[in-house]
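Starting off with a structure, shown below.
The values are calculated or read from the model by the stated rules, or taken from the named source; none is laboratory data. Being a predicted model, the structure only gives us computed values, none of them experimental. A quick note on method: Cβ atoms are made from the backbone with ideal geometry, for glycine too, and the neighbour counts reach across all protein chains shown.
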Amino acid sequence: MSPALSASGCRIARGSPRRDVTGQPTFNALGPFPGPLLFYSGGTIIVEVFYRLLPIPLLMWIAGLVLRGRGAKQTFWVLAGITSLIEPATQDLVALQRPGLAAAAGSVFVIDYALNLVQAVMFRRLGFLAAILTRVATYVVWHVIYGNYICVC
């Protein structure tokens, strides 16, 4: 691990916030307790609609028309793999612009991709609400509990 990273992995140098890592301001400090929970619950619905609810069924429907109902399972897995790349590619790879963060960006990318793939599977097997609850649970742990009360990023 790079000596510039703290034990929590949240800071690049002592006292430096997340802005030093990605160039963006911290997104975890949203005020007192109910604020972050409400913010991330609302964000979950928006993210799931744009990452899963719209693209997967719409593209599955189009593929069903083109393929005449064949290959639905394979089509889902291809779409799940592609749509699961949206969030990690748009949020995690920005850290590659900073020198020395390739390993950190890569590890976060893999974790986020896996989480998004799990959510796509939950969406297929258990429905939209299951995908939302999976993301809310992740946000509560990562952004609300860790981000606001443990890390102080």
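For region 9-22, state whether one or more residues are modelled with pLDDT under 90 and either of a type in the set (S, T, N, Q) or closer than 23 Å to Thr134 by Cα (or both).
Checked region 9-22: at least one residue is modelled with pLDDT under 90 and either of a type in the set (S, T, N, Q) or closer than 23 Å to Thr134 by Cα (or both).
Here is a follow-up. Quick check: anything in region 67-82 over 30 Å from Pro34 (Cβ atoms), surrounded by fewer than 17 Cβ atoms within 10 Å (Cβ to Cβ) and either in contact with a Pro (Cβ under 8 Å, 6 or more places away or on another chain) or in contact (Cβ under 8 Å) with a residue 60 or more places away in the chain (or both)?
Among the residues of region 67-82, not one is over 30 Å from Pro34 (Cβ atoms), surrounded by fewer than 17 Cβ atoms within 10 Å (Cβ to Cβ) and either in contact with a Pro (Cβ under 8 Å, 6 or more places away or on another chain) or in contact (Cβ under 8 Å) with a residue 60 or more places away in the chain (or both), which makes the answer no.
Residues that are surrounded by 18 or more Cβ atoms within 10 Å (Cβ to Cβ), under 17 Å from the mean Cα position of the chain (by Cα) and without any contact (Cβ under 8 Å) to a residue 40 or more places away in the chain: does region 40-51 have at least one? Talk me through it step by step, then tell me what you get.
Our first condition is that a residue be surrounded by 18 or more Cβ atoms within 10 Å (Cβ to Cβ); within region 40-51, this holds for 40, 44, 47-48, 51.
Subset that is under 17 Å from the mean Cα position of the chain (by Cα): 40, 44, 47-48, 51.
Imposing the further condition that a residue be without any contact (Cβ under 8 Å) to a residue 40 or more places away in the chain reduces the set to none.
The answer is no; no qualifying residue exists.
Taking Ala89, is it in a helix (DSSP H, G or I), surrounded by 15 or more Cβ atoms within 10 Å (Cβ to Cβ) and either in contact with a Cys (Cβ under 8 Å, 6 or more places away or on another chain) or of a type in the set (Gly, Ala, Ser) (or both)?
When the stated conditions are applied, Ala89 does not pass them.
Could you please let me know if Phe109 is part of a helix (DSSP H, G or I), crowded, with 19+ Cβ neighbours inside 10 Å and among the aromatic types (Phe, Trp, Tyr)? I'd like the intermediate steps shown before the answer.
Values: part of a helix (DSSP H, G or I): yes; crowded, with 19+ Cβ neighbours inside 10 Å: yes; among the aromatic types (Phe, Trp, Tyr): yes.
The answer is yes for Phe109.
When you go through Ala120, Ala104, Ala137 one by one, which is the residue that is among the small types (Gly, Ala, Ser), closer than 18 Å to Phe39 by Cβ and either assigned to a helix (DSSP H, G or I) or touching a Pro at 6+ places or on another chain (Cβ under 9 Å) (or both)?
Values: Ala120 fails: closer than 18 Å to Phe39 by Cβ; Ala104 fails: closer than 18 Å to Phe39 by Cβ.
Exactly one of Ala120, Ala104, Ala137 is among the small types (Gly, Ala, Ser), closer than 18 Å to Phe39 by Cβ and either assigned to a helix (DSSP H, G or I) or touching a Pro at 6+ places or on another chain (Cβ under 9 Å) (or both), namely Ala137.
Condition check: in contact with a Leu (Cβ under 8 Å, 6 or more places away or on another chain), part of a helix (DSSP H, G or I) and either of a type in the set (Val, Ile, Thr) or within 23 Å of Val49 (Cβ to Cβ) (or both). Does Leu79 satisfy that?
yes
Hey, can you tell me all the residues within region 92-101 that are part of a helix (DSSP H, G or I), touching a residue at least 12 places away in the same chain (Cβ under 8 Å) and surrounded by 13 or more Cβ atoms within 10 Å (Cβ to Cβ)?
Matches in region 92-101: Asp92, Leu93, Val94, Ala95.
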